[in-house]
Amino acid sequence: MTSSGEKWVTDDTFKPIVVDRENDVLFVTRNLFQLHKNRRQLRAETTDLNYRLTVPFAPHLFGSGKTTFCLSYLELVQRFRETSLSSFASDASRKEFLDKLHEAVLLYVDLTELKPINPIEEKRNLEWAVHYLLFKSACLKSGQGQPDPDECYNVLKLRTTVLVKRIREVLNMRINQFLLVAFDEVGVLDSRGNFFDLEVNDEGRVRSYYDFFGTVRRLCKQDNVFFIVVGKSKGLSIKNYTASVSKVLLHFISLSPLNSSSIVEFLEKSHLKVQTQSRVCDILCSPSFSVNELAEALLECTGGVPGLLTRAVNMLLNYVQTRGQSFGSKDECLSCMKEDGFRTVCSEPFVTRISTLDEDRRSVLDMLLMMALYRIPFKADDELNSESYLFDAVTEMGFYRYPIDDNTFQVLFPKVFIRNLKNASSFSLLEKILLGSLNMEPVDCFFSSNCRVFEGIVAIRLVLMLSSTVRNEFRELLGRLSATWKEMKLPIHGPSPLHYMMSVSRVKKRRSKSNKEEKTFGCNEWNEIIHKALCFDRVYIPKEANSYSPDIMFKLQSPDDSNVLMVGVACKGRWKSEGIGWSDIIEEAKKFLDPVSNQVLSQALEFYHCMLIIVSTKLALNVASELGNQSRCYTSGMLIGGNSFPIPPNCELVVLCERDVEMLIDREILNGLERAFSTSDIPPFGDSGFNLLRRARDSFMSLQ
């Protein structure tokens, strides 16, 4: 039992059901069928690429559901036969294959048990070690004792035909019955390769996966034998190497984190171990707390990672059963999951990799955190450096991948991890800001929002500039431009994390699925939104790029709290070739200064003020000419844009010249972003470039 003050324990109290794996089951089934259909060509050693062996492979982190999927696969085939597998079975040969898969026997093989084995002359032979482990696993599955290695070798002698025949005899299988072998924890080969005599490549490196998948390939030549391989490993490196050398194509099983609706199904269909008729959701939820709200709370905490989700539910069940009362609301449930004790216990077995990273991996931790925060997607083959793929680095560093499609992913970092990490003395100020920001960001930002890299970089620069004790030009510039800014207390107390808030969209009507008119967020939401911003010392970034609010908002106070300044930052331009004109600036002022002045400042005391800062990637000629190559502040009552817009009472508008914009984001980063965003609103990592992120990181570090 693991506990924190005896309140949070992880005892297994329920039987979790596997949900949301239809696509993975279909994917694996198709791969197994390809082997079944082309096994003769495999035996013929053809060089035709159409007949290369394909093996389903899941190189994922602890908790992603690898082992559970392997153990449940045959059961899931039956569950989905009439749904997601129905189209697959429309062909007669495929239907026959599914019928035989229904009767298959699963042999689970834990590769952590792999080690050199007698006889002495074969002790460093990896193929013999794999053969023996297969046979031993079959013996243990059938209830027999562990077989003697020397006796086994005398019978088997590295003959795959004899090995498969003996396994069938031990498991009491028919000769035409499917045998499905699931190799788990393949990543142990990274450390145990030294125990065996393995082939060395041209660079003098031992590649244990070459020998291992070579063994798998030879076994696949036996009739009615199939394999699934899973485990924490450098999946993409292994895939590329085995494809080029071992004549084996590894196809990734995605095993996506669960979404909210899948978590609802998980809670509704999972039952307690003892009270087998009691559903998990009925134990945790009171009549005033719906299962949908519970699912949203669990998604917020765990990111939908199956292992984390199961551990969190066990902890909540233990807590609820101990106190004898279900949760009354989502807020109460979230409050429990935000407790230090809950997060520490829940994440304990998961965060080991992150807290023990070597120097090379630690050097890119902040950039992976930036990718998670800004939601920068990456392609499967994007390189981290000349020796490593980003796909693999995410797993190695203890993060998760959330697949967008077969070849595109986002970095997922569950909130429950953060408490164990953000206060660690080994983490830099920037890393703590990024962790704090991820902790505050609503989880639906990650799953639904567009990439906001430009605004995110500017926001972190602002956070560091506002909190730095070192003199910086930007704060001094605004102090010269605005008397109100000059009165504010700077630096702010401690670096504020970024907070992605619900955006205030333009007022408009839209049709719902039921064809009824619905009103989106509009000006009527401003009072609540702005008052929230005024109450918290945070820097806000709205979720949506096309919102009714500025791109960034934060609050400053004077030393004696006699004045409060609400600041909005509009990051304009986004590579608009003709530059930002007065009409664009007036539009930003109207959608921020006007409603804030009318709905907030008009009802507040004199000490409330509002400022809008225009940060433009490029100014139109008429704006640049009026500014005269220097930034300018327009105060209450002044007219802009040909006298067409008066600055409201207690408000200021600051328009930065292009030279001063580079105080917030340098020209090389802007140029890199322009190239990346020229073809897509959500450019993948490979297009924006790791060097661009590294340069952004370096610009942040210069302010610490």
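The values are calculated or read from the model by the stated rules, or taken from the named source; none is laboratory data. Note that this is a predicted model, so its numbers are computed, not measured. Positions of Cβ are backbone-derived with ideal geometry, glycine not excepted, and every protein chain shown enters the neighbour counts. Keep in mind that these areas ignore ligands, DNA and RNA; they rest on the heavy atoms of the full protein, side chains included. Shrake-Rupley method; radii C 1.70, N 1.55, O 1.52, S 1.80 Å.
For the chain, the longest principal axis of the alpha carbon atoms and the long axis of helix 526-535 meet at an angle near 80°.
Between helix 667-677 and the chain there is an angle of about 60 degrees, using the helix long axis and the longest principal axis of the Cα atoms. Roughly to the nearest percent, how much of the accessible area of region 67-143 is carbon and sulfur, given a 1.4 Å probe? The nonpolar share, carbon plus sulfur, comes to 48 percent.
Rounded to 0.05, the FRET efficiency of the LYS590 and SER625 pair, given R0 = 25 Å and the Cβ-Cβ distance, is 0.65. Note down the net charge around THR322, summing +1 for each Lys or Arg and -1 for each Asp or Glu among other residues with Cβ under 14 Å from its Cβ. Charge balance in the 14 Å sphere: 0.
Between 0 and 90 degrees, the angle of helix 306-323 with respect to the longest Cα principal axis of the chain falls at about 80 degrees. Projected label points at GLU6 and THR83, each 7 Å from Cα along the beta carbon direction, are separated by 4.3 nanometres. Taking the Cα centre of the chain as reference, the dipole from Cβ charges on Lys and Arg (+1) and Asp and Glu (-1) amounts to some 1360 debye.
Helical runs (DSSP H, four residues minimum) scored at -39500 (n - 2.57) apiece and divided by the length of the chain put the mean residue ellipticity at 222 nm at -12500 deg cm²/dmol.
For the chain, relative contact order (Cα pairs under 8 Å, six or more residues apart, normalised by length) works out to 11 percent. Distance from the Cα centroid of region 86-109 to that of region 204-261 is 21 Å (rounded to whole angstrom).
Can you pull out the GluC sites (Glu not before Pro) in region 76-176 whose DSSP state is coil and whose Cβ has at most 14 other Cβ atoms within 10 Å?
Hits after loop and neighbour filter: GLU82, GLU103.
Between region 327-381 and region 612-652, the C-alpha centres lie 42 angstrom from each other. Taking a ≥ b ≥ c as the square roots of the eigenvalues of the alpha-carbon gyration tensor, region 1-155 is classed oblate because a/c is 1.5 or more while a/b is no larger than b/c. In the full protein context, the chain carries 43 Å² of accessible surface per residue, based on a 1.4 Å probe and ignoring ligands, DNA and RNA.
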